[in-house]
Structure formats: structure tokens, C-alpha cells
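The values are calculated or read from the model by the stated rules, or taken from the named source; none is laboratory data. If you're wondering where the values come from, they're calculated on a predicted model, not measured in any experiment. Neighbour counts run over all protein chains shown; Cβ positions are idealised from the backbone, glycine included.
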Amino acid sequence: MRLTRYFLPVLRETPAEAQIVSHRLMLRAGMIRQQAAGIYSWLPLGWRVLRRIETIVHEEQQRAGHIPMLMPTLQPADLWRESGRYDDYGAEMLRITDRHKRDLLYGPTNEEMITDIFRAHVGSYKDLPLTLYHIQWKFRDEIRPRFGVMRGREFLMKDGYTFDIDRASALHAYNRHMVSYLRSYERMGLTAIPMRAASGPIGGDDTHEFLVLAATGESEVFYDDAVTGLRLGNRAIDYDDRAAVQAVCDEFTALYARTDETHDPVAFAAVPEARRRVGRGIEVGQIFYFATKYSAPMGATVVNAEGQRVPVHMGSHGIGVSRLVGAIIEASHDDRGIVWPEGVAPFPVGIVNLKQGDGAADAACAGLYAALVAKGIEPLYDDRDERAGAKFATMDLIGLPWRITVGPRGLAAGKVELTCRRTGESEEISPEAAVDRVAQVVAGR
Ligand code: P5A
């Protein structure tokens with residue numbers, strides 16, 4: 001993409017309304033525009049990051065055997081009357097009446113709708129286990145939307161729903177989600193710690209939240225510092241192997257880590273004092289096992305191996321896709337701007353032409369651009385007629401992991417400069433070597 005043909009409305013001034021760094025940087029980098037309280041347009045750069053996160057979520061969900069689909073944003077109120085949540089959900093639910101005076105709502109979550117789909121099409125234990133998920137916009141009329149996309153009213157969520165014949169099988173589904181979430185967050189460059197939590201309006205007793213540690217987080221958290229060093233890495237995981245999946249969950253949940261809702265001061269006191277931490281975290285996901293809370297009242301039953309009709313065991317599992325954009329920036333920025341982890345960067349590399357209009361510099365940039373595209377990499381090429389300082393400031397602000405700087409002086413020696421956004425380190429190398437280096441990193445992400 002050439003910057004002169006793109007739409008990147010960066011702001012010079014720091015927007016006064018933004019209280020936390022991720023919100024400020026998203027506005028300054030031209031990623032989002034607020035349209036109403038807690039409701040945002042995703043401008044082209046923000047949209048690209050959102051898509052990168054969605055792609056990782058899709059890949060990891062499907063790797064775990066979960067099936068993608070899509071449900072609507074608007075839902076009939078009657079489904080929610082069946083579960084009893086239409087009245088319980090309260091003022092956070094946006095209620096709508098259509099021209100025929102039928103009650104609808106903008107879905108805050110989809111337990112009822114998926115239960116309706118299940119009961120219409122599944123009747124036997126032989127069709128289980130089943131996990132369906134989608135990535136769809138939700139609406140919650142939050143009393144205090146704030147911090148930009150972090151606590152929005154309209155927000156993008158991945159929500160998955162599991163159907164199993166019994167508790168043991170449902171807990172395996174829960175564990176599969178825990179592991180696939182850990183892998184997803186790691187690919188986004190995040191450390192998200194599973195913490196025992198409270199279930200709120202979704203229900204059930206088994207629930208974990210995934211928290212990214214950040215001073216601006218809305219949740220108070222209590223944890224053993226050793227938990228922050230755990231990594232899944234590239235280990236192979238057989239998602240059908242119950243014992244293996246359980247072992248990973250045990251590893252990641254053995255150490256003390258809880259939100260204030262479930263904090264147990266006595267158990268916390270048993271953590272060695274030097275490792276005891278109290279801090280704040282951003283909740284980027286939550287998983288629930290709630291047994292037959294929806295299936296029993298809504299009649300979602302299957303015939304079991306003994307020929308009896310029994311309500312199916314269910315769980316639901318959510319990732320805050322749009323919130324993650326803010327959470328990643330909270331965890332990865334410096335005083336010059338965003339520092340995107342490779343996995344979610346809107347463009348993997350930027351090209352900066354120091355002397356636009358100079359024949360040799362223009363030709364070298366065009367050559368680099370073509371060579372990267374030939375390797376399946378889309379660069380962002382700053383081809384504006386601007387000072388070098390302004391171009392560097394824009395690249396630093398929008399946080400692309402790599403920058404290739406092209407100028408007449410370097411070119412005379414056959415070199416360009418390859419700079420890593422995270423470390424600030426630069427090397428003078430040939431254009432071919434720069435392309436190869438970037439291609440290597442992109443292949444490994
Ligand atoms: C699980 C999937 C649920 O709704 N039902 C379907 C369950 N869980 S949850 O914890 O309430 O939400 C899942 C994740 O969505 C993000 N989230 C938000 N993101 C931005 N703005 C909001 N107002 C908002 N509310 C929830 C969180 O990341 C949460 O973990």
C-alpha cells in the first residue's frame with residue numbers, strides 16, 4: 001500500500017478525551033473514530049489489526065476442532081423469555097421493537113440462540129461432542145463506556161458454545177478452550193493469565209477469566225509472580241487427548257491467580273512472600289461451564305446411550321476481539337507510539353523513502369515493494385513528499401515491526417537501512433537481504 005493512496009488520518013495533537021495510552025494511540029494513529037459513546041468506526045489501519053486478531057482466533061479455534069458459523073446481531077426477545085434472562089439482563093440489554101411491534105434485542109451474547117439451533121437439529125448423543133462458534137458484534141448498554149474500544153457498547157466478540165453428553169466431556173471442552181485461548185494470546189504477543197473468576201449473568205460455577213497485566217486494567221488481580229513466566233510455546237497439542245489437555249490446564253492454573261471476585265486471602269498468604277503480587281489486569285476472555293442452565297428450560301435434549309432423553313451439558317467461551325486491540329497496545333508501546341507484536345501488525349514492514357522524487361531512491365523503493373509483494377508481504381510505503389523526521393514519526397506512531405529506510409547516500413553503497421521498531425536497532429544491508437530478513441520473520445509468526 002502506498003501511503004499517498006491510503007487513508008491514514010493521523011492526529012498531531014493528543015486527544016483530550018482519551019484517558020489511557022491505548023485509546024490515545026488508537027486515535028492518534030488514525031485507527032478508530034468514535035461515532036457515539038462506546039461506538040466506533042474502524043478506520044483502515046484499525047480494521048487491519050482487527051482482521052489479524054480474528055484470523056488468529058479462527059485458526060486456533062479450528063485447530064482445536066471447533067466449527068465456525070455466523071449468527072445475527074438482532075435476536076427475538078421470545079428466546080430470552082424462555083431462558084428467563086429477558087428480564088434478568090436488565091438495562092445493559094438494548095431492546096428494539098420492529099414495525100410489527102415484535103420485541104427484538106441487539107444480542108449481548110448468544111447462549112439462547114445457539115441453544116435454539118441445537119434443539120432444532122440435534123437429538124442424539126451420537127452427534128456429540130459439538131462446538132460451534134462465531135465472531136460477531138455484540139451490544140451491551142454499558143453504564144460507563146470508557147477507554148475507547150476497551151469498554152465499548154458495541155464490541156466484537158468471539159463466542160463459542162459447547163454441547164456434551166456429560167460433565168466430564170463438557171469439562172474437556174472447557175479445557176480445550178483454555179489451551180486454545182492461551183495459544184491465541186501468545187500468538188498475539190500477549191501473556192494472558194487464566195484466573196478463577198465469578199460467572200455473573202452467564203451462569204455456572206466453573207469459570208476462568210484471562211487477564212493481561214496492565215496498570216490501566218479494570219480488574220484487581222492477586223497472583224503468584226511465577227505464573228507470569230509460563231509459556232505454551234510451540235509444543236504440539238492433541239486436542240482429543242483429554243489427559244494431555246488437562247495437564248496443560250493444570251500447569252497454567254496450579255499457581256495462585258484470582259480476580260478480586262474470588263480472591264481468598266488465606267490461600268494467597270501461602271504464596272511465598274517474594275512472589276506475592278497485587279496488580280491490575282485487562283480481561284481479554286472468559287470461559288464458562290454452566291451444565292444445563294439453558295438446555296433444561298429451553299428443552300435442548302438428546303437421547304443418551306441408555307435411550308433416555310436428557311438435557312445436554314453446555315459451556316460458553318468468549319474472547320474480546322475488539323478489546324484485544326487496546327489490550328495489546330497497553331502491553332506494547334513506548335513514548336513514540338505503538339509497538340505491534342509481529343502476529344497482529346497491520347503491515348509487517350514500512351518503507352520510508354528519504355528523498356521522494358529522486359530517481360534512484362524511487363526506483364529502489366519500487367523494487368523493494370515488488371520484491372516483498374512477490375513474497376506475499378504487503379508493505380506500507382511512505383511515498384509522501386515529506387521531511388524524513390515526519391515520516392519516521394508516523395512509522396513510529398503506527399508501530400510497524402520493521403522499517404526499511406531508503407536514501408541516496410546508502411544506495412550509493414548498495415545499502416538500505418533495516419530498523420526493528422521494538423529494539424530500535426538498525427543495520428545497513430543490501431535491499432535483497434532486507435527483503436529476506438522480513439520474509440523470514442513473517443514466515444515464522
Ligand atoms: C462467553 C461467550 C460471555 O459473554 N457468552 C458467550 C460468554 N462472556 S463475557 O465474559 O461476558 O464476554 C466475553 C469477553 O468479551 C469482552 N467484553 C467486552 N469487550 C469490549 N467492551 C465490552 N463492553 C465488553 N464486555 C465484554 C471481554 O474480553 C470478555 O472477556
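The table for this structure:
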| read-out | value |
| --- | --- |
| Unique residue being within 20 Å of VAL284 (Cβ to Cβ), crowded, with 19+ Cβ neighbours inside 10 Å and of a type in the set (Phe, Trp, Tyr) when the list is TYR133, TYR106 | TYR133 |
| Region 364-396, residues that are in contact with a Pro (Cβ under 9 Å, 6 or more places away or on another chain) and of a type in the set (A, V, I, L, M) | ALA364, LEU368, ALA371, LEU372, VAL373, ILE377, LEU380 |
| Complete set of residues in region 214-225 that are more than 15 Å from the ligand (Cβ to nearest atom) and either in a strand (DSSP E or B) or touching a helix residue (DSSP H, G or I) at 6+ places or on another chain (Cβ under 8 Å) (or both) | GLU220, PHE222, TYR223, ASP224, ASP225 |
| Members of region 1-32 found to be free of Cβ contacts under 8 Å to residues at least 24 places away in the same chain and surrounded by fewer than 18 Cβ atoms within 10 Å (Cβ to Cβ), listed by number | ARG5, LEU11, ARG12, GLU13, THR14, PRO15, ALA16, GLU17 |
| Condition check for LYS158: basic (Lys, Arg), at pLDDT 95 or above, over 28 Å from VAL303 (Cβ atoms) and buried (at least 20 other Cβ atoms within 10 Å of the Cβ) | yes |
| Pair list, Cβ under 7 Å, 6 or more apart: region 49-67 residue in contact (Cβ under 8 Å) with a residue 24 or more places away in the chain and in a helix (DSSP H, G or I), other residue surrounded by fewer than 22 Cβ atoms within 10 Å (Cβ to Cβ) and aromatic (Phe, Trp, Tyr) | LEU50/TRP42 |
| Some residue of region 244-259 being within 13 Å of the ligand (Cβ to nearest atom) and not hydrophobic (A, V, I, L, M, F, W, C) | yes |
| Matching residues in region 94-106 - criterion: being in a loop (DSSP other than H, G, I, E, B) and either in contact with a Lys or Arg (Cβ under 6 Å, 6 or more places away or on another chain) or of a type in the set (Lys, Arg) (or both) | ARG99, LYS101, ARG102 |
| Region 81-97 - residue that is surrounded by 13 or more Cβ atoms within 10 Å (Cβ to Cβ), without any contact (Cβ under 8 Å) to a residue 40 or more places away in the chain and charged (D, E, K, R) and, of those, farthest from ALA296 (Cα to Cα) | ARG95 |
| Which numbered condition ARG280 fails, given (1) among the charged types (D, E, K, R); (2) more than 16 Å from the ligand (Cβ to nearest atom); (3) touching a Ser or Thr at 6+ places or on another chain (Cβ under 7 Å) | (2) |
| Residue list for region 201-213, restricted to those being within 13 Å of the ligand (Cβ to nearest atom) and touching a strand residue (DSSP E or B) at 6+ places or on another chain (Cβ under 8 Å) | ILE202, GLY203, GLY204, ASP206, THR207, HIS208, GLU209, PHE210, LEU211, VAL212 |
| Wholly enclosed strands (runs of 3 or more DSSP E) of region 116-200 bearing at least 3 residues touching a residue at least 60 places away in the same chain (Cβ under 8 Å), out of contact with any Gly (no Cβ under 7 Å at 6 or more places or on another chain) and within 11 Å of the ligand (Cβ to nearest atom) | 130-139, 154-164 |
| 2 or more residues farther than 30 Å from GLU59 by Cα: qualifying strands (runs of 3 or more DSSP E) within region 337-445 | 349-353, 402-406, 416-420, 426-429 |
| First in region 221-235 and of a type in the set (S, T, N, Q), second anywhere and crowded, with 16+ Cβ neighbours inside 10 Å and in a loop (DSSP other than H, G, I, E, B), Cβ under 9 Å, 6 or more apart | THR228/THR191 |
| Condition broken by PHE268, with the remaining ones in (1) within 27 Å of GLY343 (Cβ to Cβ); (2) surrounded by 15 or more Cβ atoms within 10 Å (Cβ to Cβ) satisfied | (1) |
| Top-ranked residue of region 314-333 - restricted to ones that are within 12 Å of the ligand (Cβ to nearest atom) and in a helix (DSSP H, G or I), ranked as nearest to SER295 (Cα to Cα) | VAL321 |
| Within region 326-366, considering residues that are among the acidic types (Asp, Glu) and surrounded by fewer than 20 Cβ atoms within 10 Å (Cβ to Cβ), the one farthest from the chain's Cα centre (by Cα) | ASP358 |
| Enumeration of residues in region 229-261 that are within 30 Å of PRO145 (Cα to Cα) and crowded, with 16+ Cβ neighbours inside 10 Å | ALA257, ARG258, THR259 |
